[in-house]
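A.B. asks: Attaching a single structure in structure tokens format; questions to follow.
The values are calculated or read from the model by the stated rules, or taken from the named source; none is laboratory data. Worth saying up front: this structure is predicted, and the values here are computed from it rather than measured. Note that we place each Cβ from the backbone using ideal geometry, even for glycine, and neighbour counts take in every protein chain shown. Quick note on the areas: whole protein, heavy atoms, side chains included, nothing else; ligands and nucleic acids left out. Shrake-Rupley method; radii C 1.70, N 1.55, O 1.52, S 1.80 Å.
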Amino acid sequence: WERPAPIQLAAAGVVIVALWAASAGIYERFGIAVPVITPSTAFAIGLFAAVGYIGHRRRLQGQFVREAFSRYVAPGVVKKLEANPDQLVLGGDKRDISVIFSDIEGFTSFAEKQEPAVLIGFLNQYLDTLCIEVEKHGGMVDKFIGDAVMAMFSAPELQADHATRALACARAMRDAGSKMQADFAARGIHFGRTRIGLHSGPAVVGNVGGQRRFDYTAIGDVVNTASRLEGANKYFGTEVCVSGATAEMAGGDDKLRPIGALVLKGRETGLPVCTTAESLPAEQLQRYLAAYNRMAAGDADAIQAFDAYLKDYPDDQLAEFHRQRLLNGEKTDLIILEGK
């Protein structure tokens, strides 16, 4: 029944012709008149009703896909899902995905100072700008939480390169946020930087909710970790926190620099985390790595290495964070974060 309607109708025509031919043969040979008009009519009516029902069901499936995903997923992906709605696996599907969380630094304080109409206009423009970047990179915007955006890759469409796409998207979202920040500052509207957390790992994706309302979303530790990484930026002065799992799945990236092994709230072990560093000159990146590697190895000279580094690059907040940790008695790159 899942074959195209023309094929179904053609097959039905063959059946009806065969029925009439068989009836004529029986009458000619045995003189027995087999009723064919009523069965043929009933068969045709039943067939057209079935084809009509299946067509209606397919249209409903297509409508569901369009309504559920057209505002959040690239048009090309929506077309594929509309043609193959079974890919959605409505009961849930476990797979590796990459998740991005972003928000605006200090947005609550900023929002309290704005008129409602101005605030909503700004926020709509900002969220639309970030959604465009997610769509460009083949991701899906899962939800908005105030000024925060949650996006995921490899859902609903499977993507073998989801980590690479997500990392490129995180950089593009950061740059788009920085440009908007500068544009609004020129108009006298000042708000914070866009901060982003990115993690990759297994999750269950599918429709979650009740009969009246449901969402296509992801459930799993990968989601919570991405959210925690977004919040961790405030400790390091960074804009993007990328888990080591994502960096590894993306095939390595020489424009990332390590932050440390983060013990996030609710975890007991350290998670390797890095940040984007494509804007750093090669010499600066190498010197940071040299100081960091000493710290990671527990070298007592690590603090001197960071002192020397900060004399030449005094604005590096991440390096200053490590220097302060070492001054407070820490000896390695294991960082325990109590807050989000």
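A.B. asks: If you scan the range 214-226, which residues turn out to be outside any helix (DSSP H, G or I) and either aromatic (Phe, Trp, Tyr) or closer than 15 Å to Ala163 by Cβ (or both)? Show your work before the answer.
C.D. replies: Step one: list which residues in the range 214-226 are outside any helix (DSSP H, G or I), which gives 214-220.
Phe214, Tyr216, Ala218 - these are the residues of the range 214-226 that are outside any helix (DSSP H, G or I) and either aromatic (Phe, Trp, Tyr) or closer than 15 Å to Ala163 by Cβ (or both).
A.B. asks: Answer yes or no as to whether Thr275 is assigned to a loop (DSSP other than H, G, I, E, B) and touching a strand residue (DSSP E or B) at 6+ places or on another chain (Cβ under 8 Å). Even if it seems obvious, please write down each step before you answer.
C.D. replies: Details: assigned to a loop (DSSP other than H, G, I, E, B): no; touching a strand residue (DSSP E or B) at 6+ places or on another chain (Cβ under 8 Å): yes.
The answer is no for Thr275.
A.B. asks: It is to be established whether one or more residues within the range 227-245 are outside any strand (DSSP E or B), touching a helix residue (DSSP H, G or I) at 6+ places or on another chain (Cβ under 9 Å) and polar (S, T, N, Q). Don't jump to the end; show me each part of the working.
C.D. replies: Step one: of the range 227-245, the residues outside any strand (DSSP E or B) are 227-239, 244-245.
Next, from what is left, pick out any that are touching a helix residue (DSSP H, G or I) at 6+ places or on another chain (Cβ under 9 Å): 235-239, 245.
Then keep just the ones that are polar (S, T, N, Q); that gives 238.
Looking through the range 227-245, at least one residue is outside any strand (DSSP E or B), touching a helix residue (DSSP H, G or I) at 6+ places or on another chain (Cβ under 9 Å) and polar (S, T, N, Q).
A.B. asks: Counting just the residues of the range 310-319 that are assigned to a helix (DSSP H, G or I) and free of Cβ contacts under 8 Å to residues at least 40 places away in the same chain, which one comes out nearest to the chain's Cα centre (by Cα)? Give the steps one after another, and end with the answer.
C.D. replies: Restricting attention to the range 310-319, the residues satisfying the condition of being assigned to a helix (DSSP H, G or I) are 310-312, 317-319.
The next check asks that each one be free of Cβ contacts under 8 Å to residues at least 40 places away in the same chain; those that pass are 310-312, 319.
Working: Leu310: 36, Lys311: 40, Asp312: 38, Ala319: 30 Å.
Among those residues, the one meeting the criterion is Ala319.
A.B. asks: Select from the range 284-309 the residues that are open to solvent by 60 Å² or more (accessible area, probe 1.4 Å) and not in a loop (DSSP other than H, G, I, E, B) and list them in ascending order.
C.D. replies: Selection gives Gln286, Arg287, Asn293, Arg294, Gln304.
A.B. asks: Residues of the range 158-170 being touching a residue at least 60 places away in the same chain (Cβ under 8 Å) and open to solvent by less than 40 Å² (accessible area, probe 1.4 Å), which ones?
C.D. replies: Of everything in the range 158-170, those that are touching a residue at least 60 places away in the same chain (Cβ under 8 Å) and open to solvent by less than 40 Å² (accessible area, probe 1.4 Å) turn out to be His162, Ala163, Ala166, Leu167, Cys169, Ala170.
A.B. asks: Now, a different point. Looking at Leu264 and the list (1) surrounded by 20 or more Cβ atoms within 10 Å (Cβ to Cβ); (2) within 22 Å of Ile104 (Cβ to Cβ); (3) without any contact (Cβ under 8 Å) to a residue 24 or more places away in the chain; (4) not charged (D, E, K, R), which single condition is not satisfied?
C.D. replies: Leu264 satisfies every listed condition except (3).
A.B. asks: Next question, about the same structure. What are the pairs, 6+ residues apart or on separate chains, where a residue within the range 289-303 that is of a type outside the set (Gly, Ala, Ser) has its Cβ under 6 Å from a residue that is open to solvent by less than 60 Å² (accessible area, probe 1.4 Å) and at pLDDT 95 or above?
C.D. replies: Tyr292/Pro258; Arg294/Ala302; Arg294/Ala305; Met295/Ala302; Met295/Asp333; Ile303/Leu326
A.B. asks: Moving to a separate point now. Is there a residue in the range 140-160 that is outside any strand (DSSP E or B), in contact with a His (Cβ under 7 Å, 6 or more places away or on another chain) and either small (Gly, Ala, Ser) or at pLDDT below 95 (or both)? Can you show your working first?
C.D. replies: Just the residues of the range 140-160 that are outside any strand (DSSP E or B), to begin with: 146-147, 154-160.
Narrowing the set further to residues that are in contact with a His (Cβ under 7 Å, 6 or more places away or on another chain) leaves 154.
From what is left, the residues that are either small (Gly, Ala, Ser) or at pLDDT below 95 (or both) are 154.
Within the range 140-160, one or more residues are outside any strand (DSSP E or B), in contact with a His (Cβ under 7 Å, 6 or more places away or on another chain) and either small (Gly, Ala, Ser) or at pLDDT below 95 (or both).
A.B. asks: Right, here's the next one. Across the range 310-340, what is the number of residues that are at negative phi and open to solvent by less than 70 Å² (accessible area, probe 1.4 Å)? Working first, answer last.
C.D. replies: Here is the first cut: in the range 310-340, the ones at negative phi are 310-328, 330-340.
Filter again for open to solvent by less than 70 Å² (accessible area, probe 1.4 Å), leaving 310, 313, 316, 318-323, 325-326, 332-333, 335, 337, 339.
The qualifying residues number 16.
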